[in-house]
Number of protein chains: 2
Amino acid sequence: MSDPLKVALLGCGTVGSAVLRLLEEQAGDLTARIGRPVEVAGVAVRRPDRHPDVPAHLLTTDAHGLVTRDDVDLVVEVIGGIEPVRSLLLAAFEAGKSVVSANKALLADDGVELHAAAAKAGVDLYYEAAVAGAIPLLRPLRESLAGDQLRRVVGIVNGTTNYILSRMAETGHGFTEALAEATELGYAEADPTADVDGFDAAAKAAILASLAFHTPVSATDVYREGISAVTATDVARAAEIGCTVKLLAICERVLADGGDSVAVRVHPAMIPTTHPLASVGGAFNAVFVEAEAAGQLMFYGQGAGGDATASAVLGDLVAVARNRVAGVAGPGVTTYAGLPARPIAETPTRYHVSLDVADKPGVLATVAQEFARHGVSIATVRQDGHGDAATLVIVTHSAPDAALSATVTALREMPAVRGVTSILRVEGLS
Amino acid sequence: MSDPLKVALLGCGTVGSAVLRLLEEQAGDLTARIGRPVEVAGVAVRRPDRHPDVPAHLLTTDAHGLVTRDDVDLVVEVIGGIEPVRSLLLAAFEAGKSVVSANKALLADDGVELHAAAAKAGVDLYYEAAVAGAIPLLRPLRESLAGDQLRRVVGIVNGTTNYILSRMAETGHGFTEALAEATELGYAEADPTADVDGFDAAAKAAILASLAFHTPVSATDVYREGISAVTATDVARAAEIGCTVKLLAICERVLADGGDSVAVRVHPAMIPTTHPLASVGGAFNAVFVEAEAAGQLMFYGQGAGGDATASAVLGDLVAVARNRVAGVAGPGVTTYAGLPARPIAETPTRYHVSLDVADKPGVLATVAQEFARHGVSIATVRQDGHGDAATLVIVTHSAPDAALSATVTALREMPAVRGVTSILRVEGLS
């Protein structure tokens, strides 16, 4: 065994602390697996006094100085957010350091630039922990499926919203009550916006789509709808048609004669309870992949948590350390396909619509006509009469999202329609 | 783009044909992902006249000549079996070629020797397709989880037996009828021994255990029981206690003060219907992984089939081709842990036992005493009387397998026991 590889750790919150602890506990195994020992060169934090567990001589507030230090080989970044991390990683690459990051927002925003900087420097950029925590997912997409054509990646990639939706289904509560419970139990942050409004899932969807389709996709290319508008009625209606409501990240390659495109979106959707993703409950994550030759695959595991995320970080650390020992960089990320992003308006989706209508002859015909006028074909309709009112539950076939959205707007204006009680997209129905 | 990388294909059955087709269909994508085009240098088969679809100038019966040809860079082996493949791959390594194989039997038998030969030559040996077909599983174990400590890998890794057991549960049929149906539908081979008697699963278990625990495990270290003794009664009893019967490949690291060991076994077992593996039906495969930091993970997908297996082969081919372009070998497989294999007799398991007994006072006490005498603790017992007879359904706590086995032998001898109607191990109960 020769000299140790030196690691600079940026950030020391829940994940960073777990990384430090596991590096120590597993020192012997890591040395055997890498071929050289790994040693922590320094830990950059904002407030050193808040980290009494970290040896004082390792702590520094000078992150830039740390990542460019001559004796540092590898940088592990678990700070999160865009700046100053972006500048720090670019400085690290320029100084010839390989980087392991858990930063979904940064990778989703600036992945192309960061990959280019890493490639130029001949070093590695790995970030398995950025999507679906401990689940080995990005390496399978980048490497195991590199000989296949991916068609679709559909995932539950945000534990907070999955917990909230699971609780709504279990208790019949509305969104506000379920969110309050999640906050109390620590499953939701004090400011839950990033999770609840789908920003977190959208960043992950951008990363997944980029890797799956070998094309640059950033968070701004992702259509995004959160779960705050999901009602107890939506959840109940879903159950009535054998479905459950999940916040899905959906990445699709849309095949077309004029040229393929990618459609990437995050929104709540009804999926059949028989779908493999339907039973993914609580804080777990799962990602369903459809590839041309491999067929259907699913990856399931813990999406968050200090130790689970640290496991993914350390797996990447072993990979980049092995590459460093071998004097090479691992396979980069290719974006040769350069596919355009298809706007949600043109993306084919299916809707579930529940309407309160007057229970009079001809209402169903009028409503059906409105769908037809927008070129939307109805798959199933159920009519339940009660007194002088009736409920119409309609599930459409696939149509461009704009046509479905326009249909719903028109339905709201119809005199025969007393109210649109539930609208949700539907996925996974055959 | 420079000169093409040249691939020698050994074998051209279902998987080999799919590899050839996909190499052609995806030539553009593969070139972009690898950085150089890939070209087939030759296809070694036993009977060239049986492969009219392969260009005649590529076909050869001289496999040894092909793998040692100067212009060949990479070898893809989809022949299967031990010899002549073992000798061919050793010759390929010696000639400096990297190898992608789908050969579970060979890797399970001679993995250590083959890895050593590849390492000595500074080339790659990858074999994702050897276990669980298209499911990216070996790369996650080798790389993604390389920073974690694996505790347990439990998988449904044989589609034929899973199909038969699924059908037994659905129809109430016995093993013989279900096997006949599977044979007729092409899910079982004419000689189903390798699948039905667990040899196939045992080879895969050996490979999984080696990678998971960084220790050499060969097929002879694996305890093996097939499914031919599973009865309709076993399946019915399982349903009564909320379980389903699956053929499991179980790889465990057994922690002990005197030194850890690995216990690797393949046998049918009852698992709760709520367990993630319980709903894996038909010809699908799934592998459940427990790691110290990552927690519980599951991988699910198609375990066999030409295209699915070819997807895994091509993923490996892209990886070894990229390494070849970069002039390096990928991370090898480490077996530094050198853990001993724990024999089944000492491995802790749990049993379900159903007994027909005389419905007389004191029988339960006598039976319970027999368990206690062997140091086996009973978790639950259910007694159903009918006339002068009764059925006792017992689920034990965990105990060394030898103690459980001795208990059952003793029970068979007891005058109060009219018959042991079902014995199966139980997994996944808390």
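Bear in mind that the values in this text are calculations on the coordinates, not laboratory data. Owing to the predicted nature of the structure, the values given are computational and were not obtained by experimental measurement. Cβ atoms come from the backbone with ideal geometry, glycine included; neighbour counts cover every protein chain shown.
Go through the range B:337-351 residue by residue and turn each phi into a ³J(HN,Hα) via Karplus (6.51, -1.76, 1.60, θ = phi - 60°); whole Hz please, and just put x for glycine and proline.
Rounded to whole hertz, the list is 5, x, 7, x, 7, 8, x, 4, 4, 9, 7, x, 9, 10, 10.
Could you give the length gained on full extension between B:Thr176 and B:Arg418, defined as 0.36 nm per residue of separation minus the Cα-Cα distance, in nm?
Result for the pair: 84.6 nm of gain on full extension.
Consider the operator that turns chain A into chain B: which A residue has a Cβ nearest its axis, and what is that gap in Å?
Residue of A nearest the axis onto B, distance in Å: A:Val328, 2.
Work out the mean other chain Cβ neighbour count within 10 Å for the residues of A:296-305 and drop it here as an integer.
Average per residue, whole number: 6.
What's the ranking of A:197-210, A:362-375, A:94-107, A:390-403 by average number of surrounding C-beta atoms within 10 Å, highest first?
A:197-210, A:94-107, A:390-403, A:362-375
Check B:Val262: other-chain or 5+ apart residues with amide H under 5 Å from its amide H, H built from backbone geometry?
Correct list: B:Val254, B:Ala341, B:Arg342.
If you take the square roots of the eigenvalues of the alpha-carbon gyration tensor of the range B:1-42 and sort them as a ≥ b ≥ c, do you get rounded (a/c under 1.5), prolate (a/b over b/c) or oblate?
Note, shape of the range B:1-42 comes out oblate.
Tell me, what is the FRET efficiency for A:His57 and B:Tyr336 to the nearest 0.05, using R0 = 30 angstrom and their Cβ-Cβ distance as r?
So, using R0 = 30 Å, E works out to roughly 0.45.
Which shape class applies to the range A:167-274: rounded if a/c is under 1.5, otherwise prolate when a/b exceeds b/c and oblate if not, where a ≥ b ≥ c are the square roots of the Cα gyration tensor eigenvalues?
It is oblate, given that a/c is not under 1.5 and a/b is not larger than b/c.
Please sort A:187-194, A:421-428 by packing, taking for each peptide the average over its residues of neighbouring beta carbons within 10 angstrom, highest first.
Top of the packing list down: A:421-428, A:187-194.
Along Cα→Cβ at 7 Å, what distances in nm separate the A:Met414 label point from those on the other copies, shortest first?
7.0
Separation between the B:Val325 and A:Thr409 pseudo-spin-labels, each 7 Å from Cα along Cα→Cβ, expressed in nm?
Going by the 7 Å Cα→Cβ label model, 4.7 nm.
Tell me, rounded to the nearest percent, the portion of alpha carbon pairs in the range A:1-135 spaced more than 20 Å apart.
For the range A:1-135, the fraction of Cα-Cα distances above 20 Å is 43 percent.
Put a point 7 Å out from Cα along the line to Cβ at B:Thr176; what are the distances to that point in the other copies, in nm, shortest first?
6.8
Enumerate the calculated ³J(HN,Hα) couplings along the range B:139-151 in order (Karplus 6.51 cos²θ - 1.76 cosθ + 1.60, θ = phi - 60°), each rounded to whole Hz, writing x wherever the residue is Gly or Pro.
5, x, 5, 5, 10, 4, 9, 5, x, 10, 10, 7, 9
Semi-axes of the equivalent ellipsoid for chain A, please: Cα gyration tensor eigenvalues, times 5, square-rooted, ordered largest first, whole Å.
Taking √(5λ) for each Cα gyration eigenvalue gives 46, 23, 17 Å.
Search the structure for amide H atoms under 5 Å from the amide H of B:Gly174, placed 1.01 Å from N in the peptide plane, and list their residues when 5 or more places away or on another chain.
none
Under the rule a/c < 1.5 gives rounded, and otherwise a/b versus b/c splits prolate from oblate, where does the protein assembly as shown land using the Cα gyration tensor?
rounded
Can you give the extra length, in nm with one decimal, that the chain gains between B:His386 and B:Leu364 once fully stretched, where that is 0.36 nm per residue apart less the Cα-Cα distance?
The B:His386-B:Leu364 span can extend by a further 6.4 nm.
For A:Ala190, place a label point 7 Å from Cα along the Cα-to-Cβ direction in every copy; what are the distances to the other copies, in nm, shortest first?
Its label point is 7.3 nm from the equivalent points in the other copies.
In nm, give the distance between the simple-model label positions of B:Thr220 and B:Thr14, each being 7 Å from the Cα along the Cα-to-Cβ direction.
In this crude spin-label approximation the distance works out to 3.1 nm.
About the Cα centre, and with charges only on the beta carbon of Lys, Arg (+1) and Asp, Glu (-1), how big is the dipole of the range B:138-302? Nearest 20 debye, please.
360 debye
Which angle from 0 to 90°, rounded to the nearest 10, does the C-alpha axis of helix B:199-213 make with the longest principal axis of chain B?
On a 0 to 90 degree scale, this one is about 80.
Run the helix sum for chain A: -39,500 (n - 2.57) per DSSP H stretch of 4+ residues, divided by residue count, reported at 222 nm to the nearest 500 deg cm²/dmol.
Calculated at 222 nm, the ellipticity per residue is -10500 deg cm²/dmol.
Quick one: angle between helix A:401-413 and the longest Cα principal axis of chain A, in degrees between 0 and 90, rounded to 10, please.
Computed tilt is about 40 degrees.
Report the one residue of A:His275, A:Val196, A:Gln296 whose Cα lies farthest in the direction of the positive end of the charge dipole of the range A:138-302 (charges on C-beta: Lys and Arg +1, Asp and Glu -1; origin at the Cα centre).
My answer, from the dipole projection, is A:Gln296.
I want the antiparallel fraction of DSSP beta bridges within the protein assembly as shown, as a percent rounded to 5.
Looking only at bridges with both residues in the protein assembly as shown, the antiparallel portion is about 70 percent.
Which of B:Leu247, B:Leu297, B:Leu211 ends up with the largest GNM mean-square fluctuation for chain B, with Cα atoms connected below 10 Å?
B:Leu297
Quick one: putting +1 on the C-beta of Lys and Arg, -1 on the C-beta of Asp and Glu, what dipole do you get for chain B around its Cα centre, in Debye to the nearest 20?
Here chain B has a charge dipole of around 560 debye.
Magnitude of the Cβ-charge dipole of the protein assembly as shown, K/R +1 and D/E -1, about the Cα centre, nearest 20 debye?
120 debye
Show me B:172-182, A:343-353 ranked by packing, highest mean number of other Cβ atoms within 10 Å first.
A:343-353, B:172-182
Placing +1 on the Cβ of each Lys and Arg and -1 on the Cβ of each Asp and Glu in the protein assembly as shown, which of A:Leu165, B:Ala358, B:Tyr187 has its Cα farthest towards the positive end of the resulting dipole?
After comparing all options, I get B:Tyr187.
Tell me, what HN-Hα J-couplings in whole Hz come from the Karplus equation 6.51 cos²θ - 1.76 cosθ + 1.60 at θ = phi - 60° for each residue of the range B:385-395, using x for Gly and Pro?
Result, rounded to whole Hz: x, 8, x, 8, 10, 8, 10, 10, 10, 10, 10.
How many partner chain Cβ atoms sit within 10 Å of a residue's Cβ in peptide B:22-28, on average, as a whole number?
Taking all residues of B:22-28 together, the mean is 2.
Across peptide B:332-339, how many C-beta atoms of other chains are within 10 Å of each residue C-beta, on average?
That average works out to 2.
Projected onto the charge dipole of chain A (+1 at Lys/Arg Cβ, -1 at Asp/Glu Cβ, origin at the Cα centre), which of A:His115, A:Ala206, A:Leu141 gives the Cα projection farthest towards the positive end?
Farthest towards the positive end: A:Leu141.
Hey, quick one: spin label on A:Val112, modelled 7 Å out along Cα-Cβ, who in the range A:215-252 has an amide N within reach, i.e. under 14 Å?
What the label zone holds, given the 14 Å backbone N cut-off, is A:215-222.
Computed over the Cα atoms, what is the radius of gyration of the range B:348-426 divided by 2.2 N^0.38 Å, N being its residue count?
Cα Rg divided by the expected 2.2 N^0.38 Å: 0.99.
Helix B:306-326: angle to the longest alpha-carbon principal axis of chain B, degrees 0 to 90, nearest 10?
50 degrees
Can you list residues from other chains, or at least 5 along the same chain, whose modelled amide H is less than 5 Å from the amide H of B:Ala188?
The answer is B:Thr183.
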